[in-house]
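Below is one structure, written out as structure tokens, with a few remarks after it.
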Amino acid sequence: MILFTTYIRWGRGVLQNASGAIYMRLSREDGCGNPESASISSQRILLMQYARAHGIAVGYQFADDGISGTTMKRDAFRRMLALIESGAIRTLLVKDLSRLSRDYIRTGALLEHWFPAHGVRFISVDDGIDTQSAAASGDFFPIRAVMDDWYARDISRKVRTAIYARQSAGYCTAAALPFGYCRSGSNIIINQKQAETVRQIFHVYTEGAGFRQIADMLRDPASPLFSPERRWSDVSVRRILTNPVYIGKLRLHITEKLSYKSEIRIKAENPIYCSVQPIISEQEFEMVQERILSRGHSRPSAHWLSGKITCGCCGARMHITGAGAKCRIICGMRKRGGDCRNPSVSMTILLRMICEQLQRDGIPEPQTHCRSLIESICISADTVTVRVRYRRPTA
Ligand SMILES: [Zn+2]
């Protein structure tokens with residue numbers, strides 16, 4: 001959660017050569033209530049006092065306000081690391097180790113390897129750590145770092161338990177409601193107009209229309225099914241037809257984070273249902289489910305990689321054609337007869353390349369997790385670049 005980040009370059013000219021930096025961080029889990037939190041100011045006062053007392057000229061100030069120490073995606077923090085890398089910062093002051101990070105692996109990596117490698121003197125005022133003085137040795141870095149990490153884990157668990165408890169007690173924690181429902185105060189009620197569209201979608205499907213045909217009707221102003229409230233596609237029609245909310249079961253807690261440090265969401269093992277008023281009879285819903293299975297188009301949605309692949313030669317989006325062993329990826333420009341010369345690639349080969357890259361990056365199986373990790377793929381005549389939504393520690 002980014003409330004704001006600031007980065008102040010002090011006293012241009014006067015302190016130009018000052019290579020000291022102070023870093024401050026406050027997150028919601030630290031219990032901030034007020035904006036430009038008193039605690040950032042108090043950290044600043046403490047650090048500046050310490051710097052003055054020890055003859056350190058501070059040329060840079062970095063503050064991340066409202067950002068958790070479990071993430072490295074902190075603007076001011078990143079800029080600070082970049083300046084350290086460029087050699088502009090020689091001394092870094094923080095109030096305590098947890099300001100730097102609440103992830104003990106990263107804290108350790110920074111303190112034990114990265115700062116020494118860049119010749120940075122590191123001072124943690126509250127912990128009495130100063131890497132330049134032998135007396136104030138950092139023998140207990142690891143223990144402090146583990147404690148800070150544990151604190152973040154504990155808070156994360158408490159928040160999750162609270163949300164889970166609310167969901168289990170029947171509160172709807174969903175941010176957006178499915179088509180056909182709306183909120184009235186704290187209650188979830190049926191939106192009659194949308195509900196009528198839902199009933200018609202089920203009805204038309206049982207009469208034999210397919211997903212795409214229904215989507216066409218929903219988009220067609222001349223059709224009695226016309227509904228301009230959504231952008232309809234075969235995928236959104238299928239979602240309506242398979243969502244148990246229409247028999248009164250609103251799914252909550254559909255996905256969950258891989259871990260408290262991870263940005264990756266995976267399908268939850270135990271989804272929770274919240275009761276709402278049904279729109280469709282269970283009998284009709286079941287009939288539709290059976291029909292969807294028997295028609296054999298259980299997944300009209302595109303290949304999981306579609307939309308993620310671009311052509312490295314012309315920049316066009318690449319299309320996935322064919323199925324099974326004959327599935328290939330071809331440049332959209334080339335397919336349309338444009339002058340791109342990028343040859344098509346077999347899906348089998350591409351998948352093998354992806355697996356190899358993930359393994360090199362140290363991302364293990366299972367594959368279902370890997371799928372959500374892949375952000376984009378760029379295929380040129382001789383190289384395949386896979387961008388993975390996973391960051392190795394900066395240090
Ligand atoms: Zn191309």
Residue 273 to residue 151: FRET efficiency via 1/(1 + (r/R0)^6), r the Cβ-Cβ distance, R0 35 Å, to the nearest 0.05? 0.55
Using a 10 Å cut-off on Cβ atoms, rank the peptides 233-239, 47-53 from the highest mean neighbour count down. 233-239, 47-53
Return the FRET efficiency for the residue pair residue 166, residue 132: r is the Cβ-Cβ distance, R0 is 45 Å, and the value is rounded to the nearest 0.05. 0.35
Quick one: of 73/158; 249/308; 73/249, which pairs are farther than 26 Å apart, Cα to Cα? 249/308; 73/249
For region 42-141, what is the accessible area per residue in Å² when the probe is 1.4 Å? 39 Å²
Take the alpha-carbon centre of region 162-237, take the same for region 67-131, and report the distance between them in whole Å. 49 Å
Among 231, 160, what's the order by accessible area (1.4 angstrom probe), most exposed first? 231, 160
Take residue 294 and residue 184, extend 7 Å from each Cα along the Cα→Cβ direction, and tell me the distance between the two endpoints in nm. 3.8 nm
Leaving out ligands, DNA and RNA, what percent of the accessible area of region 172-245 is carbon and sulfur, probe 1.4 Å? 49 percent
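The values are calculated or read from the model by the stated rules, or taken from the named source; none is laboratory data. Computed from a predicted structure; not experimentally measured. All Cβ positions, glycine included, derive from the backbone under ideal geometry; neighbour counts span all protein chains shown. Protein only, heavy atoms only, side chains kept; ligands, DNA and RNA dropped before computing areas. Shrake-Rupley method; radii C 1.70, N 1.55, O 1.52, S 1.80 Å.
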